[in-house]
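Here's the structure we're looking at; comments come further down.
The numbers here are math on the coordinates, done by the rules we state, and not lab data. This one's a predicted model, so the numbers in the text were calculated from it and none came from an experiment. Because the Cβ atoms are built from the backbone with ideal geometry, glycine has one as well, and the counts that use them run over all protein chains shown.
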Ligand code: SF4
């Protein structure tokens, strides 16, 4: 029987998130309309959003893989096909996974639209806490910004993923507001129509990052539009 390998190397666009990733849950309740995860997992969209539980034996299988493959010194992205902090669910498995990865000498790069404060005590200056800011819910973006600031104050590295971009003015204002972050990654909206002029947006965003002295990364799909 094939051994489960929860830690894997993402391919294609996903690789821009990190060299290693681990997905903890079977689905995500956040229901972002642009969510790509059901397509990646070949899952029914409604099932993906409504049936959210830790993947079977995820903590134990991660421990076995860490031990078996002696995985250490890596930065591991949480998560790519789900959110590590799904609203309304017990996120103890996320806490257990972080503890395990770090026990074996790895670091984590969290990306969430949820609320990861409960695990800040586990993180240090080599771990990254990141939030997606997409402008779909002002109060949630405010909460995510506050979490980011708290993480930064706790000495954790912070980053912001501006992808997908749904509104140019919103994102440019948010880059300015969250300029305390250690890194920002900026993309576009893929797979859906948009009336944003991507080349123009990309140039404005890049100029702003330079003005603010930010460590920034322009995603390949946006960079390609800027170079057309
Ligand atoms: S938070 Fe991420 S995984 Fe969850 S629905 Fe939104 S895009 Fe999909």
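DSSP assigns beta bridges within the chain; of those with both partners inside it, close to 10 percent run antiparallel. For the chain, take the longest principal axis of its alpha carbons; what is the angle in degrees between that and the long axis of helix 138-153, to the nearest 10 within 0 to 90? Helix 138-153 and the main axis of the chain meet at about 70 degrees. Each label point was placed 7 Å from the Cα along the Cα-to-Cβ direction; for residue 19 and residue 153 their separation is 3.4 nm. Taking Rh as the Kirkwood radius computed over C-alpha pairs, what is the Stokes-Einstein D of segment 51-102 at 37 °C in a medium of viscosity 0.692 mPa s, expressed in µm² per second? Here the translational diffusion coefficient equals 275 µm²/s.
Using Cα pairs under 8 angstrom and six or more residues apart, how large is the relative contact order of segment 84-125, in percent? If you can, show how the numbers build up before the last one.
On the way: 23 pairs, mean separation 20.5, N = 42.
Relative contact order here is 49 percent.
FRET efficiency for the pair residue 90 and residue 45, taken as 1/(1 + (r/R0)^6) with r the Cβ-Cβ distance and R0 = 35 Å, rounds to 0.90. All C-alpha to C-alpha distances of segment 177-228, sorted into 5 Å bins beginning at zero, yield P(r) values of 5, 20, 30, 22, 15, 7, 1 percent in whole numbers.
Under the rule of -39500 (n - 2.57) per DSSP H run of 4 or more residues, summed and divided by the residues of the chain, what mean residue ellipticity at 222 nm is obtained, to the nearest 500 deg cm²/dmol? The helix-only estimate for the chain comes to -11000 deg cm²/dmol at 222 nm.
Each label point was placed 7 Å from the Cα along the Cα-to-Cβ direction; for residue 183 and residue 199 their separation is 2.9 nm.
Take the Cβ-Cβ distance between residue 4 and residue 142 as r, set R0 to 41 Å, and report the resulting FRET efficiency rounded to the nearest 0.05.
Efficiency, rounded to the nearest 0.05: 0.60.
With semi-axes defined as the square roots of five times the eigenvalues of the C-alpha gyration tensor, the equivalent ellipsoid of the chain measures 28, 20, 17 Å, largest first. Rounded to the nearest 10 degrees, the angle from helix 168-177 to the longest Cα principal axis of the chain is 70 degrees.
At 4 °C and 1.567 mPa s, grab the translational diffusion coefficient of segment 1-58 from Stokes-Einstein with a Kirkwood Rh over Cα pairs, rounded to a whole number in µm² per second.
Working: Rh = 12.7 Å.
It diffuses with D of about 102 µm²/s by this estimate.
Between residue 118 and residue 192, what FRET efficiency follows from the Cβ-Cβ distance if R0 is 30 Å, with the result rounded to 0.05? It would help to have the intermediate numbers written out before the result.
Values: r = 33 Å, r/R0 = 1.10.
The computed FRET efficiency comes out at 0.35.
In segment 91-163, the inverse of the mean reciprocal separation of distinct Cα atoms equals 12.4 Å; this is its Kirkwood hydrodynamic radius.
Sequence-distant contacts, meaning Cα pairs under 8 Å at least 6 residues apart, place the relative contact order of segment 7-226 at 14 percent.
The label point for residue 103 and the one for residue 61, both projected 7 Å from the Cα toward the Cβ, are 1.9 nm apart.
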